[in-house]
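For reference, the structure is listed below as structure tokens.
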Amino acid sequence: MSENFVELALEFYNRFSGHFLERYSIAIQQLSLITQPHHVNDNETAKNFRTFRYSINMKQPAVELLLIFLESNNLILFIKIINSHLNIYINKSLPDSDNFKIDVGLTGSNLSEISQINNEQLKLGKLPLNPLLVEQMERFFSNAIPNKNSIEPDNADDNDSTNPANPKALQKVFEEIKETDINSPSPQDIPLPPLRD
């Protein structure tokens, strides 16, 4: 399609897309939107197929037969396409064994999960604070704010909420920052770097 072979590309799609509908319906649906050469650059699925390599499992005899067929029919261009766009995992184990279960599909992308991810609710609230920080701050406030039973110095001004050194004012601000709401994302949903020890 990107080389302006529009009719041939559409004919190819119409001829072979039905074979993949059961397993790759989302990708096939997205590729059906490509009807003009400029659509290739706008379509995310097409960009993924052009950017990432596709992984497949094959047995050694199948790979050898494929290469013999391509060489004997002078289809060297297909070998170049295979080398640049596919990751072929040659598997010597039986199909039912655990060793045979290698991810098949685009490397770096899972098309079947894209629509599920797009349908999930986006949470844009405040990120919950690190539990270690909360624990340290609560310990600080318990030590910095005198107990009601203890005698406070006469120069302590509890009403000065603008004083940044006032522990009660800091505690009030910290409690506001610490609060999460329904739109707060889970820390596991955000790819943050690991904390330093």
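What follows is calculated from the coordinates using simple rules that are stated; it is not laboratory data. Here the structure is a predicted model, which means the values were calculated and not measured. Quick reminder, even Gly has a Cβ in these numbers, built from the backbone with ideal geometry, and neighbours come from all protein chains shown.
Full extension from LEU33 to HIS19: what is 0.36 nm times the residue separation minus their Cα-Cα distance, to one decimal in nm? Let's see the in-between values first.
Details: separation 14, 0.36 × 14 = 5.04 nm, distance 1.77 nm.
In short, 3.3 nm is gained.
Between VAL173 and PHE140, what length in nm is gained on full extension when 0.36 nm per residue of separation is reduced by their alpha carbon distance?
Full extension of this stretch gives 10.5 nm more.
For the range 1-51, what class follows from the C-alpha gyration tensor (a ≥ b ≥ c being the square roots of its eigenvalues): rounded when a/c is under 1.5, otherwise prolate if a/b is larger than b/c, else oblate? Can you show the working numbers first?
Values: a/c = 2.25, a/b = 1.22, b/c = 1.85.
Oblate is the answer for the range 1-51, as a/c is 1.5 or above yet b/c matches or exceeds a/b.
Test of the criteria: in the range 1-48, which trypsin sites (Lys or Arg not before Pro) are in a DSSP loop and have at most 13 other Cβ atoms within 10 angstrom of their Cβ?
Numbers: sites: ARG15, ARG23, LYS47; in loops: ARG23.
Qualifying residues, ordered by number: ARG23.
By average Cβ neighbour count within 10 Å, what is the ranking of 165-172, 75-82 from highest down?
On the way: 165-172: 15.5, 75-82: 12.0.
Taking the mean over residues of other Cβ atoms within 10 Å, the ranking is 165-172, 75-82.
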